[in-house]
Amino acid sequence: MKFLRHFAALLGVLGIIFALALVWKHTPLASLISNGDRQQSGPGRGQPQFAGGPAGGHVFGFANLDDLAQSIAVLSALIAGVVIIDLRRRDRRRESLTRARAIAQQRIAARAK
Amino acid sequence: MPRHTKIDFWLDLALLISFVVDYSFSFTGLTVHEWTGVGLGASLLVHVTLHWDWVLRTTKKLFTTPAGREKLRWVVDLLLLGAMSLCVLSGIMISRSAMSALGWETNRDGFWTGLHTTAADICVALVGVHVALSWRWVLTVGRRLVGKGSPTTSPSTASAL
């Protein structure tokens, strides 16, 4: 029951997103992305294929494994980048905590003297 | 390990792999691309529904707590939900194989095609950040599943991560 309630709420959100997309389509701002024939490079942008090229007709083109490899590389690089930033942030926070703790201990020791 | 943690982990992994494969259009071809996209859309519905509690909880806390990791995760997830929804919905609108197999002929136009590719590119970046923000949870649960370590909660509930 709870799952269904949450599911219905999510469908409502998706409905709003779709409605906003439809509104967007009928505004001058649609030209920002309304460019179906543009050529792009790299993985995932299959504009020429969407237009009915040979790459669209196959089922798993193992000759195009480099496309998959490129997708994996892009995503891995992104994940690695964020993880490195996160680790550095944690290290910095840990260092500043250690420094603050050391200063506090020095003050306590100074007062004790 | 709680059952829902295992479900979370395997579902998230399946979603990630499906997304990467689906994004590689030249590799999959049109038919596989479209059906994988439909499956991805359905799985995402389950994924977000399973984490709806976290969405509500974090949204309520959003304006009362200072900026932090949870807030960043919420913003990334909100953007990802929007981009992924637009990607799947526009994919349905320009479908040539899957939808016609279901008896629905779509009227493809430049707007939906442009929206589909733009949303897909944005999704790649956001998926990367989304996964990376949960990397400690992924590592911990992954280790536990192969017999090392001890995870506790899902990435959404593990605010300490």
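Numerical summary
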{"quantity": "Extension gain (nm, one decimal) between B:Leu13 and B:Leu72, 0.36 nm per residue minus Cα-Cα", "calculated": "19.1 nm"}
{"quantity": "Cβ-based exposure ranking for A:Ile84, B:Ile94, A:Ile72, in which fewest neighbours within 10 Å come first", "calculated": "A:Ile84, A:Ile72, B:Ile94"}
{"quantity": "Whole-Hz ³J(HN,Hα) from phi, Karplus 6.51 cos²θ - 1.76 cosθ + 1.60, for the stretch B:34-47, glycine and proline x", "calculated": "5, 5, 5, x, 5, x, 4, x, 5, 5, 5, 4, 5, 4"}
{"quantity": "Cβ-Cβ FRET estimate between A:Gln105 and B:Arg136, R0 fixed at 30 Å, reported to 0.05", "calculated": "0.55"}
{"quantity": "Alpha-carbon Rg/Rh ratio, for the stretch A:65-113, with Rh computed the Kirkwood way", "calculated": "1.52"}
{"quantity": "Assigned charges on the beta-carbon of Lys, Arg, Asp, Glu; the protein assembly as shown dipole about Cα centre (debye)", "calculated": "2220 debye"}
{"quantity": "Euclidean distance between Cα centres, the stretch B:1-43 to the stretch A:68-96, Å", "calculated": "22 Å"}
{"quantity": "Between helix B:52-62 and chain B: long-axis angle, C-alpha atoms, 0 to 90°, nearest 10", "calculated": "70 degrees"}
{"quantity": "Fraction of alpha-carbon pairs over 34 Å apart in the protein assembly as shown - percent", "calculated": "28 percent"}
{"quantity": "Mean residue ellipticity (222 nm) of chain B, computed from DSSP H runs ≥ 4 via -39,500 (n - 2.57), nearest 500", "calculated": "-24500 deg cm²/dmol"}
{"quantity": "Lysine pairs with alpha-carbon atoms under 22 Å apart, the protein assembly as shown, spacing 8 or more or separate chains", "calculated": "6"}
{"quantity": "Positive dipole terminus of the stretch B:3-145, leading residue within B:Phe27, B:Ala120, B:Met93 (C-beta point charges)", "calculated": "B:Ala120"}
{"quantity": "Extreme residue, positive dipole direction of the stretch A:65-113, given options A:Ser76, A:Gln105, A:Leu65 (C-beta unit charges)", "calculated": "A:Gln105"}
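FYI, it's all coordinate maths here, none of it is from the lab. The structure displayed is predicted, hence computed values, not measured ones. A quick note on method: Cβ atoms are made from the backbone with ideal geometry, for glycine too, and the neighbour counts reach across all protein chains shown.
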